[in-house]
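Enquirer: If you scroll down you'll find the structure; I have some questions about it.
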Amino acid sequence: MAGRSTRGINGSNGSRTAPARAAALADLLHYECSTLLELFRKKENFTEDVTDRRLVSVPPPSSQLDTRDKLWRIHSALLQCQKLLEKAVAKEEEELGGGKKGKYENKRKLVKERLPLLILSTGELLKAAEGTTSLTPSVEGLEVNVPTGLLDLKLWVYRVYKEVNYWSKTAANTLKELPSVIVKEGARTTRARNRRSTRR
Amino acid sequence: MAHLSLTPTSKLISSGFVWLLWIVLGFSTSHTHADTGLTVPQRVTLSPNWYTQELSISWLGGGATTFELIILRTEFNETVFYETVSPTVNKVSGLHQWTWTSVNPLECTSLSVKIRSRDGHTTSEWSQTETLQGNDHPNSEQRVKVFPQDKVLPVGANITFCCILDEGLVLDKLKYDGNTTSVTRLSRRTYSTTVFNLVASRQSGSNMLCLPEDKEKLYGAVVFVGYPPLPIDFKCETHDLRSAVCQWGKGRDTHLYGSQRGTRYFVNNRDCSEVNQDVGQKEATCTLDTWEGNWTLVAKNLLGQYSLTDTAELSHRVCPVAPDLLSVVADAWNASLSWHWKYDSYSSLALVCQVEITATEDEKLIKRVFSGVGLRSVFLSDLYPDEHYSVKVRCGAQQNFWKWGNWSKLSSFKTKTYVPDTPDAWIWLNTDNTGKVIWKPLTRRQSHGKLTQYEVFLWSPEENRALAPAVTLPPNNWSMPVNLTEIAFFSNNGSVVAKVTARNDAGSSPPARVHLTSVEPLAAPRIVYTDQGFPLFWENNANATCGYVVEWLDAFCPQDCPVEWIKLPAGTTNVSIESATFQPGVRYNLSLYSCSSDARELLKRWQGYTQELVPSVALTLSASQQNADILLTWKEIPLVNRRGFLLGYNIYNSTGYQFKLLENVSDPETMSYTAKDFAKGFIKGTFKFTVKAYTAAGENTGTTATVTIEPYTDWLILEILTSLGLVTLLLAIVTFTCYKKRKWVKKAFYPDIPEPKLPSDWPRTRGPLDVKPSPHSMVCVVETPEYDCIKDMLVAIPEEDEDDAGQGIGDESVDTDEPTSLRYYNQMVDERPIRPRFPDSSASSISSMSSAHTDVTYTGIQTSGSSLVLQLDPQGSSECHQPQLDRLVSYGGGGYRPQMQPRAPSDDMDLPSPESFLEPQAACSGGYKPQGSWQLDSPVDAAEMGSLAPSLGSPTSVASTQFLLPDGEENTGEKRQLSSSAASWLTNLLSSTKP
């Protein structure tokens, strides 16, 4: 593409490891979230895999996706996860909380605090790939429907955790596949990306 | 059937119309059941309470007080309830009402209700069926599929859940908190399960899951199981003397949390829940603006409520707040502490306050209590200079004390510096009058500030002047060398005092005074260490005007010893000395000095160990043989290695496998030991001697010396001579005794033989009783097989019973030819039959001769050969036949005559040599030769060989009575002469005693 310039993130040598750092962060989040899921399952005696309903909506994966698209995809998913997680934690605390804080609550807090760090990392990578911040996805319009029944609330919280778990793992895998130097591929419109409305 | 329905709007109908309707209705029913008087209940209405699962059923009419009521599950037409009930009746409206509580949630499935009147056995027709539509109805739009939802129940209760599946789904299972439960089908799509005796649930509640076979679908409900609240210890108090602060304990865990299910608290109807939601807090508080005097706490949750009350006057419940804004003004030894009160009302309140002071140096806590009205400052005395302190205060009401208020925040301060304490100085002198003035380092508490230096003056009290300029020493130096010889020169042999002062920023300390005088050593008795240290006792010394000094140090320290001391006030007469530097196995010298203005004087001295150990080194030992004695010598153990008071030495002798204590030498000064006659009894050998020094703690490892003992033959000779002498002496004693008691011996051994009583002219003359040898007692003389030795054989014939003449009858003529030498003497040998030691008597005889082990006894005098059995050569004996006495006669008047050929002594105890068998002629010509070379003690032989002498004192076998020791047929003539004379003497002696 004519006129396209290439540069590493922040133009420094240290930037070359940014995807790897983000991947490590995603790995860590995935590990923490797996532990959180296990704690929740044990706490609620959910012996079966009670639900597999998806809550996050992003374009499906494809071999045709370039680096920017891959980054955009996981960044968008993680943003949705963050909104869902914050709502889930608040609602769970409101409806089912009030007692002593234990291992589960601490792990939940940890995951909730670590997810924004991964979002920040993927956002930085996306910015580096796009060259602008205007194309970053937004979740402002995302509606979160919280169930009214307490068991439905628990199941919903469980689904949220599973989404965070899934997308942190996906992010880790995607980030590991990325080249160590992110190349700016020129401006693209979010409108074009938004046309991919197919759910994965 | 005509039927009128009534609606609630009928209230709006005018009363006249109502009456008309009732008349019409009454006419109608009376017309229908004119025969029973009961009418069908009308207007059946169902009012469900979904949460409590109660179904309120109301109806009109019926004309009875009792009704039959049937409730069925509509879909399966199963009867759930069928009973006769007595409903309540609204007297105004005439409405009958009865409430039924369902086990299953009312949403589970549709219920149909019918009622009829009953009066005794008479019933009306059933009312029209009224149906409560369940959520399993196809038209139901409820999304919830499991009932009840989010219920709260007490621990121990039971609950029934139902699950309504979507159309087309098949139930897999119901699970309560992970456990599969048993299922009851209520309708086509509804299943129920009951959980009994519920346990307290976790914070997020227990889950009831309804799992269809289609895993994509999942329904469920949550139930919370807990307890009603049970608060404790409800008390109200005041901090500001105006408002009330009420406190209580939350009590047991209700297991119900959050704003929706958690416990709510109310004090005098004021909601205090918001500030007490933290489940981590065991205590709850609620503040009321005014002091009401009476309070009621109500704690409630969804399971129940609990109330507590409290009543009190304000003055009895004053709990002051924590003092605020603490400030300290500090001096060297004290400080002023002040604070502020949050409330002005405290100015008139009598307070008692606790002040806690902690010294940073040692973290020692000092608690002091002050009191006063509106107390807000205190004076803290007895502090240490140059010390960091932290202080805090809390107060309570002095009157009607209720409780201490909270502690104030900590306030820190530091006291000012002050001149140091007087150093504790002492002097240590070597034997050459050199030494050092020493003093103990001042602790931080004694320094009262950072020390800058020490100063030492040498002072002449007589002249009241310094003998030399002051010596300045850094603060980490605690001694100064002195030479008394030099000092004496400067002081003109007057007394000298060393003055030691310490200095810091605040100034110099008062001087410590030490008299530089040498002392004469004293004897040091031993002292025993106890748990409290070395207990020292002494008598009070009037000269000790400024007290005493007890000094101690290692007793074997040669020069510039690390000395420790303690100063005691005047009048002290005992002290226990304990020190962290005491070590076991070290001897300490403890010295008591008196302190006066003129000089120091050594009053007493002791020596002791804190713990005695065994000596640390072994002795230097040497050993030598001196004749039969073994001389052991060793060197003294050095004092420093003794590690205890030496008590002596233990001397051991080891002989391979034995380790025997020979001697305990209890005198530690002894350096040698002689094992007397140790070599006696040993031909030759190597022996080890070990000498171990011992203290109260035990023996040391010891030193071993080896001695090889040389043969010591002198002793053997001496032993033999001694034995011979003893035998001789014994014989002499026996002889003497026998002589003295000869009458008794005669009577005991040779009693008079009674004369035979003969019927005829048997000669009565007394004389020796001649006996003839019994032919059956003959002894076969050894002869060679080739030679018929019988003819040469001599047979000794022992005495036999007189009536045992059978064997001798045939030889009577021979007997007459016998010499009279076989004279009978009353034999005093053992009368017991001579028994062979072995079953075979011949073998016994052989063994008695050949065995070296023979029981021997001295039988005294034996003069008869009657019991003698001569052991012949076995070969020769086998050839023996009846003796021919004519051959014996051919030997001449001696009758039997033993062979008297000399032999080598070695043959005496042996069997005849082979040569003797090879020369039968010679043997026979030599006559009889007994195997044992013992003389046949026949009277003839005795006469020839000195009579009885050979038998005297000879041992005999207990089995054979034969004398065992060789007599010495080969004895020299001299010996034989002696024996012969002794025998003669004894014969004469005995003969003389015969009556």
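Enquirer: Give the residue that is nearest to the other protein chains (Cβ to nearest Cβ), with candidates limited to residues of region B:115-161 that are small (Gly, Ala, Ser) and under 21 Å from residue B:104 (Cα atoms).
Expert: B:140
Enquirer: For residue A:111, which of the numbered conditions (1) under 17 Å from residue A:174 (Cα atoms); (2) of a type in the set (A, V, I, L, M, F, W, C); (3) surrounded by 16 or more Cβ atoms within 10 Å (Cβ to Cβ) fails to hold?
Expert: So the condition that residue A:111 fails would be (1).
Enquirer: Also, quick follow-up: Those residues that are in a helix (DSSP H, G or I) and within 14 Å of chain B (Cβ to nearest Cβ), I need them from region A:68-105; list them, please.
Expert: A:88, A:89, A:90, A:91, A:92, A:93, A:94, A:95, A:96, A:103, A:104, A:105
Residue by residue, here is whether (1) within 14 Å of another protein chain (Cβ to nearest Cβ); (2) within 20 Å of residue B:398 (Cβ to Cβ); (3) surrounded by 13 or more Cβ atoms within 10 Å (Cβ to Cβ) holds:
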{"position": "B:265", "(1), (2), (3)": "no, no, yes"}
{"position": "B:280", "(1), (2), (3)": "yes, no, no"}
{"position": "B:289", "(1), (2), (3)": "no, no, no"}
{"position": "B:303", "(1), (2), (3)": "no, no, yes"}
{"position": "B:306", "(1), (2), (3)": "no, no, yes"}
{"position": "B:333", "(1), (2), (3)": "no, no, yes"}
{"position": "B:336", "(1), (2), (3)": "no, no, yes"}
{"position": "B:343", "(1), (2), (3)": "no, yes, yes"}
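Enquirer: Hey, can you tell me all the residues within region B:162-175 that are within 13 Å of chain A (Cβ to nearest Cβ) and surrounded by fewer than 20 Cβ atoms within 10 Å (Cβ to Cβ)?
Expert: The answer is B:172, B:173.
Enquirer: For residue B:106, state whether it is closer than 30 Å to residue A:147 by Cβ and in a strand (DSSP E or B).
Expert: Against the criterion (closer than 30 Å to residue A:147 by Cβ and in a strand (DSSP E or B)), residue B:106 does not qualify.
Enquirer: Which is of a type in the set (Lys, Arg) and within 25 Å of residue B:205 (Cβ to Cβ), of B:261, B:270?
Expert: Exactly one residue qualifies, and that residue is B:261.
Enquirer: Being among the polar types (S, T, N, Q) and farther than 12 Å from residue B:355 by Cα is the filter here, so list the residues in region B:382-399 that pass it.
Expert: If the condition is that a residue be among the polar types (S, T, N, Q) and farther than 12 Å from residue B:355 by Cα, then B:398, B:399 are the ones that fit.
Enquirer: Which one is modelled with the lowest pLDDT, of the residues in region B:424-444 that are in a loop (DSSP other than H, G, I, E, B) and more than 20 Å from residue B:561 (Cα to Cα)?
Expert: Of everything passing the filter in region B:424-444, B:443 is modelled with the lowest pLDDT.
Enquirer: Now, a different point. I need the strands (runs of 3 or more DSSP E) fully contained in region B:332-415, keeping only those with at least 3 residues that are closer than 22 Å to residue B:313 by Cβ.
Expert: B:350-359, B:388-397
Enquirer: Mind telling me which of the residues B:139, B:135 ends up being in a loop (DSSP other than H, G, I, E, B) and surrounded by 20 or more Cβ atoms within 10 Å (Cβ to Cβ)?
Expert: None of the others qualify; the one that does is B:135.
Enquirer: Please go through region B:391-403 and give me each residue that is within 51 Å of the chain's Cα centre (by Cα) and surrounded by 16 or more Cβ atoms within 10 Å (Cβ to Cβ), ordered by number.
Expert: Of everything in region B:391-403, those that are within 51 Å of the chain's Cα centre (by Cα) and surrounded by 16 or more Cβ atoms within 10 Å (Cβ to Cβ) turn out to be B:391, B:392, B:393, B:394.
Enquirer: With modelled with pLDDT under 95 and in contact with a His (Cβ under 7 Å, 6 or more places away or on another chain) as the only criterion, which of A:126, A:151 stands out?
Expert: A:126
Enquirer: Looking at region A:47-58, can you tell me whether even one residue there is of a type in the set (Lys, Arg), surrounded by 18 or more Cβ atoms within 10 Å (Cβ to Cβ) and out of contact with any Phe, Trp or Tyr (no Cβ under 8 Å at 6 or more places or on another chain)?
Expert: No, the conditions are met nowhere in region A:47-58.
Enquirer: Here is a further query. Do we have residue B:679 as part of a loop (DSSP other than H, G, I, E, B) and either surrounded by 18 or more Cβ atoms within 10 Å (Cβ to Cβ) or not hydroxyl-bearing (Ser, Thr, Tyr) (or both) here?
Expert: Yes: the conditions hold for residue B:679.
Enquirer: List the pairs whose first member sits in region B:115-135 and is within 14 Å of residue B:67 (Cα to Cα), whose second member is of a type in the set (Phe, Trp, Tyr), and whose Cβ atoms are under 8 Å apart, counting only residues at least 6 apart or on separate chains?
Expert: B:115/B:59; B:115/B:67; B:115/B:126; B:116/B:67; B:116/B:126; B:117/B:67; B:118/B:67; B:127/B:59
Okay, residues lined up against (1) in the same structural domain as residue B:109 (by the TED database); (2) within 20 Å of residue A:43 (Cβ to Cβ); (3) in contact (Cβ under 8 Å) with a residue 60 or more places away in the chain; (4) of a type outside the set (Asp, Glu):
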residue: B:150; (1), (2), (3), (4): no, yes, yes, no
residue: B:156; (1), (2), (3), (4): no, no, no, yes
residue: B:161; (1), (2), (3), (4): no, no, yes, yes
residue: B:164; (1), (2), (3), (4): no, no, no, yes
residue: B:178; (1), (2), (3), (4): no, yes, no, yes
residue: B:187; (1), (2), (3), (4): no, no, yes, yes
residue: B:200; (1), (2), (3), (4): no, yes, no, yes
residue: B:212; (1), (2), (3), (4): no, no, no, yes
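Enquirer: If I filter region A:146-158 down to residues being touching an Asp or Glu at 6+ places or on another chain (Cβ under 8 Å) and not hydrophobic (A, V, I, L, M, F, W, C), which single residue comes out as surrounded by the most Cβ atoms within 10 Å (Cβ to Cβ)?
Expert: Among those residues, the one meeting the criterion is A:154.
Quick grid of which residues meet (1) within 14 Å of chain A (Cβ to nearest Cβ); (2) surrounded by fewer than 23 Cβ atoms within 10 Å (Cβ to Cβ); (3) at pLDDT below 95:
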{"residue": "B:190", "(1), (2), (3)": "no, no, yes"}
{"residue": "B:202", "(1), (2), (3)": "yes, yes, yes"}
{"residue": "B:218", "(1), (2), (3)": "yes, yes, yes"}
{"residue": "B:228", "(1), (2), (3)": "no, yes, no"}
{"residue": "B:242", "(1), (2), (3)": "no, yes, yes"}
{"residue": "B:247", "(1), (2), (3)": "no, yes, yes"}
{"residue": "B:251", "(1), (2), (3)": "no, yes, yes"}
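Enquirer: Moving to a separate point now. In region B:560-663, which strands (runs of 3 or more DSSP E) lie fully inside it and hold 1 or more residues that are loosely packed, with under 14 Cβ neighbours inside 10 Å?
Expert: So the answer is B:574-577, B:621-626.
Enquirer: For region B:186-233, give me the residue count where each residue is in a loop (DSSP other than H, G, I, E, B), in contact with a strand residue (DSSP E or B) (Cβ under 7 Å, 6 or more places away or on another chain) and more than 30 Å from residue B:277 (Cα to Cα).
Expert: So the count comes out to 5.
Enquirer: Kindly indicate whether residue B:655 is touching a Lys or Arg at 6+ places or on another chain (Cβ under 7 Å), modelled with pLDDT under 90 and of a type in the set (Val, Ile, Thr).
Expert: Considered against the rule, which asks whether it is touching a Lys or Arg at 6+ places or on another chain (Cβ under 7 Å), modelled with pLDDT under 90 and of a type in the set (Val, Ile, Thr), residue B:655 comes out as no.
The values are calculated or read from the model by the stated rules, or taken from the named source; none is laboratory data. Remember, predicted model here, so these are calculated numbers, not experimental data. Here the Cβ is made from the backbone with ideal geometry for all residues, glycine too, and neighbour counts use every protein chain on show.
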